[in-house]
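A.B. asks: Here it is, the structure in full.
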Amino acid sequence: MSIDMKQFLVTFYEESFEGLDTMETELLNLDIGEADSETVNTIFRAAHSIKGGSGTFGLNDVASFTHLMETLLDEVRDGRRQVSQQIVDVLLTSVDVLRDMLSALRDEGEVDMARVQAVQQLLDELLGNEPEAAESAAPQESNSTGAESQGWKIHFRPHPDMLQTGNDPVRMFRELALLGELKIECDTSGLPTLDKLVAEESYLAWNLELHGDVDKASIDVIFEWVEGDCDLVVDPMASQPAAAQTDNTVTEEKKAPEPATSTAKKPPPSEKRHSTTTESSSIRVSIDKIDDLINMMGELVITQSMLSQLGEAEEFETAQIEKLRDGLSQLERNTREMQENVMRIRMLPISFAFQRFPRLVHDLSGTLHKKIELKMSGENTELDKTVMEKIGDPLVHLVRNSIDHGIESPEVRLAAGKDEMGLIELNACHEGGNIIIEIIDDGAGLNRERIIEKAISNGLINEDDSLSDEQIYDLIFQPGFSTAEVVSDVSGRGVGMDVVRRNIRALGGSVEVTSRPGQGSKFTIRLPLTLAILDGQSVRVGNDIYIIPLVSIIESLQVNPADINSLRGSADVYRLRDEYIPIVRVYDIFNVHTEIKNWEDGLLVIVEGEGIKVALFVDDLLGQQQVVIKSLETNFKKVEGISGATILGDGTVALILDIASMIQLSRDNGPEKTPGRQDNAEQAA
Amino acid sequence: MAKILAVDDSASMRQMVSFTLKGAGFDVVEAADGVEALGKAKSQTFDLVISDVNMPKMDGLTLIKELRKLPAFKFIPMLMLTTESTADKKQEGRAAGATGWIVKPFNPEQLLATIKKVLG
């Protein structure tokens, strides 16, 4: 039987990454000098599990790498070694390397072996090993001993309590018989009289003769488990020339097929490369959530049976209307609760995103020679899994930024009369249907003058613009804006705050900054709890209803034709408080027929996407509502300007506008199309 | 068919052991640590126990020691799944009452061969 080990790899990777996260967290918790033994044990166990699994599932590089970590941790665990900063650092680096190795293996990418070897060497040095210890050569040792023997005499006397380890002499004799011709002679002289006999103990001894060309090692293996629990003497038999030779040939023939089969089994590893990794993402859900859901389901069934009873009545009496209403309102409540609970399944505590920060702060403060304490609160605040996965990078960027540009060096802090230990706070909480994440540092704050200077030189503002602090600080989110004097290795690698804002906006969220000179800055990220539901404003264009995400709407207004400027060869623009905003006719973009083409009859919805404002011209505003997003791409195909669809209460489909791509669309076709748009619209109708 | 209690804190190892043994026709009950295993052992009987050594809550050696105290487990074979192939770990295991051990890494064939040997 050959079992495909690949099927277990998904689980193995999943638990290994969890193990690595645990190791990282616990390593950061370790106190230098006097380590808490339970913490060390937890770290050890994680390394140990990864080593065991990787060896079993054929990931040998991972196994030999973890072996070194395990050995080091074992020494710490046994108290043979003190926890030093150096050990913690090397182990943390090893965790990183291991994580990369496992990701590369999972995704069938390249493992950076140079890096692996470099860290392996660090571990070896710590352990005082000769590099590349001959680990793998160990198992094949005792080939030479006693191979020439014609057979063996074995004296075997189990100690009285050997049976209580579950070992059975009969099993061992059965195995010995497989090696060659076995003669068994039982020595019952040790048996006590019946009144003294304890049934659970062993009193017998055996003298065995095993004939044939048997390797002593194979005999040792059979008695391996009872070593120390018995008296065992294995002696070679005196040679018996004539009989022995025939025996020899027979056993050799018997043995011959074995190597063949074992080499035949080898090929499978090479198959690995052909396999495609099935990246199935999974989620762990606490049993409470599932129980809630089942309870809710129960209530739904009760409501359903109540309503169906009403429906079964022969004649519907007016008195039953009251009951019907009750039933319907109960159904509404059930549905809403059910919806909330189903959504909760996708929710994970934000600690999943936060857990990498202790490490990040630890590493960066070391590199930058700053002293920084990290405080986190609200780690249990829950967030949709998809949002969580996507918010990770922007968060890292902001925290790095705070460490690099926010917190000052200890000397500067002391000189400013502050504690030399800087503080970074990460807070999360729910507010309405949003999650708020704050990144607060008690550093120097944003430099107002430098931002203005830079913005002027970049042409973002004019010298005589009078801007509020808020507007000035907001400039750091503009594309291409970086005030860092030295582009450090930490942040400012060309990826600016504009990318952070764009990523957060792509999630339907927003990011703001407030700052006080000398006291620090605070970044506030606001995100929707889930990507599956969206707060939308429904608008009508012709006979169609579109949904505009509420977060992108700035305001809606009736048109004052006097404020419209029609520029030749370009789109119309609307003048709103000294701002000129391009107008996008939604009916034009989507080729929809509508009676409302006069400015006075419709409405403008001012929206913002990726920092650009446009005014959408629509027929009418309808209500605001939460809509469940259905992917258009999976059900139909990708449509420019549309991010998805939803089903409205009356069963019709409404399309959800993708503001950023609409802006792009209007820029691409707007001007050219304008003259002929009447015809287009007519044709479409 | 023989019934086996498989104890390991690693889900992938459990999956592998359980899949292999079930494929060979054994009845398998899984447990993720010593405490869970002991709980299951008190309510049902087994013909063989295979346990990892390093586990949270209760390690494999303690588990075996505790199991040996139960009359139904006094003589049944119990194997340790261990990466520590050093002699002192084995000695400790035997002192705790383990029948023998399977050294990790092992493949399903080796696992089955050992188990068939023990169960006869």
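The values are calculated or read from the model by the stated rules, or taken from the named source; none is laboratory data. Note that the coordinates shown come from a computational prediction; the quantities given were computed from them, not determined experimentally. Cβ atoms come from the backbone with ideal geometry, glycine included; neighbour counts cover every protein chain shown. The area values use the complete protein model at the heavy-atom level, side chains included, leaving out ligands, DNA and RNA. Shrake-Rupley method; radii C 1.70, N 1.55, O 1.52, S 1.80 Å.
A.B. asks: Quantify, in whole percent, the carbon and sulfur part of the accessible surface of the stretch A:345-417 (1.4 Å probe; protein heavy atoms only). All intermediate terms of the calculation are to be shown ahead of the outcome.
C.D. replies: Details: 1680 of 3150 Å².
Percent of accessible area from carbon and sulfur atoms in the stretch A:345-417: 53.
A.B. asks: While we're on this one: Rg/Rh for the protein assembly as shown to two decimals, with Rh computed the Kirkwood way over all alpha-carbon pairs.
C.D. replies: That ratio equals 1.10.
A.B. asks: Across the Cα atoms of the stretch A:533-684, what radius of gyration and what greatest pairwise Cα-Cα distance (Dmax) are found, in Å?
C.D. replies: 14.8, 44
A.B. asks: Non-local amide H neighbours of A:Ile583 (under 5 Å, H modeled in plane, Pro and chain starts lacking H): which ones?
C.D. replies: Answer set, sorted by chain and number: A:Asp572, A:Val573, A:Tyr574, A:Ala615.
A.B. asks: Residue separation times 0.36 nm, minus the C-alpha to C-alpha distance between A:Gln624 and A:Glu420: what's the value?
C.D. replies: Details: separation 204, 0.36 × 204 = 73.44 nm, distance 5.03 nm.
68.4 nm is the gain from fully extending A:Gln624 to A:Glu420.
A.B. asks: Shifting gears a bit: Any idea of the accessible area per residue across chain B, 1.4 Å probe, to the nearest Å²? Each step should come with its number before you reach the end.
C.D. replies: On the way: 4540 Å² over 120 residues.
Counting only protein heavy atoms, the per-residue value for chain B is 38 Å².
A.B. asks: Here's a follow-up. If R₀ is 25 angstrom, what is the calculated FRET efficiency for the pair A:Gln121 and A:Asn29, using the beta carbon separation as r and rounding to 0.05? Write out the running numbers ahead of the final one.
C.D. replies: Values: r = 27 Å, r/R0 = 1.07.
Calculated value: 0.40.
A.B. asks: Tell me the total accessible area that B and A bury against each other, 1.4 angstrom probe, in square angstrom rounded to 100. Working shown, then result.
C.D. replies: Values: alone 6050 and 38920 Å², together 41880 Å².
Approximately 3100 Å², summed over both chains.
A.B. asks: Suppose all protein chains stay in the model; what accessible area per residue would a 1.4 Å probe give for the stretch A:349-528, in Å²? List each step's numbers first, then the result.
C.D. replies: Numbers: 8650 Å² over 180 residues.
Each residue of the stretch A:349-528 exposes 48 Å² on average to a 1.4 Å probe.
A.B. asks: May I pose another question? Set the bar at 32 Å for Cα to Cα. Now go through A:Lys183/B:Lys89; B:Lys65/B:Lys117; A:Lys289/B:Lys74; A:Lys454/A:Lys637; A:Lys371/B:Lys104 and name every pair that lies beyond it. Intermediate values should be presented prior to the final figure.
C.D. replies: Numbers: A:Lys183/B:Lys89 34 Å; B:Lys65/B:Lys117 23 Å; A:Lys289/B:Lys74 41 Å; A:Lys454/A:Lys637 44 Å; A:Lys371/B:Lys104 43 Å.
Flagged as over cut-off: A:Lys183/B:Lys89; A:Lys289/B:Lys74; A:Lys454/A:Lys637; A:Lys371/B:Lys104.
A.B. asks: Let me ask something additional. Read phi for every residue in the stretch A:442-456 and hand back ³J(HN,Hα) as whole Hz from Karplus 6.51 cos²θ - 1.76 cosθ + 1.60, θ = phi - 60°, with x for Gly and Pro.
C.D. replies: 9, x, 7, x, 6, 8, 4, 5, 5, 5, 4, 3, 5, 5, 5
A.B. asks: Here's something else I'd like to know. What is the diffusion coefficient of the stretch A:599-650 in µm²/s, taking the Kirkwood radius over Cα pairs and the Stokes-Einstein relation at 25 °C with a viscosity of 0.890 mPa s? Can you show the working numbers first?
C.D. replies: On the way: Rh = 13.5 Å.
Reported coefficient: 181 µm²/s.
A.B. asks: Based on the Cβ-Cβ distance of A:Gln85 and A:Glu314, what FRET efficiency does E = 1/(1 + (r/R0)^6) give at R0 = 60 Å, to the nearest 0.05? Walk me through the numbers on the way to the answer.
C.D. replies: Numbers: r = 84 Å, r/R0 = 1.40.
My answer for the efficiency is 0.10.
A.B. asks: Another question, if that's okay. Remind me, what semi-axes does the stretch A:287-343 give for its equivalent ellipsoid, largest first in whole Å, using sqrt of 5 times each Cα gyration tensor eigenvalue?
C.D. replies: Numbers: eigenvalues 154, 23, 7 Å².
Values for the stretch A:287-343, descending: 28, 11, 6 Å.
A.B. asks: Gap in Å between the Cα centre of the stretch A:385-414 and the Cα centre of the stretch B:42-86?
C.D. replies: Result: 48 Å between the Cα centres.
A.B. asks: At a Förster radius of 35 Å, what calculated FRET efficiency corresponds to the Cβ-Cβ distance of A:Asp4 and A:Asn380, to the nearest 0.05?
C.D. replies: Values: r = 40 Å, r/R0 = 1.13.
Approximately 0.30, to the nearest 0.05.
A.B. asks: First check a/c for the stretch A:349-528, with a ≥ b ≥ c the square roots of the eigenvalues of its C-alpha gyration tensor; if it is under 1.5, answer rounded, and if not, answer prolate when a/b is larger than b/c or oblate otherwise. Don't jump to the answer; show the numbers that get you there.
C.D. replies: Working: a/c = 1.71, a/b = 1.14, b/c = 1.51.
Judged from the Cα gyration tensor, the stretch A:349-528 comes out oblate (a/c at least 1.5, b/c at or above a/b).
A.B. asks: What is the distance in Å between the Cα centres of the stretch A:559-600 and the stretch A:194-212?
C.D. replies: 102
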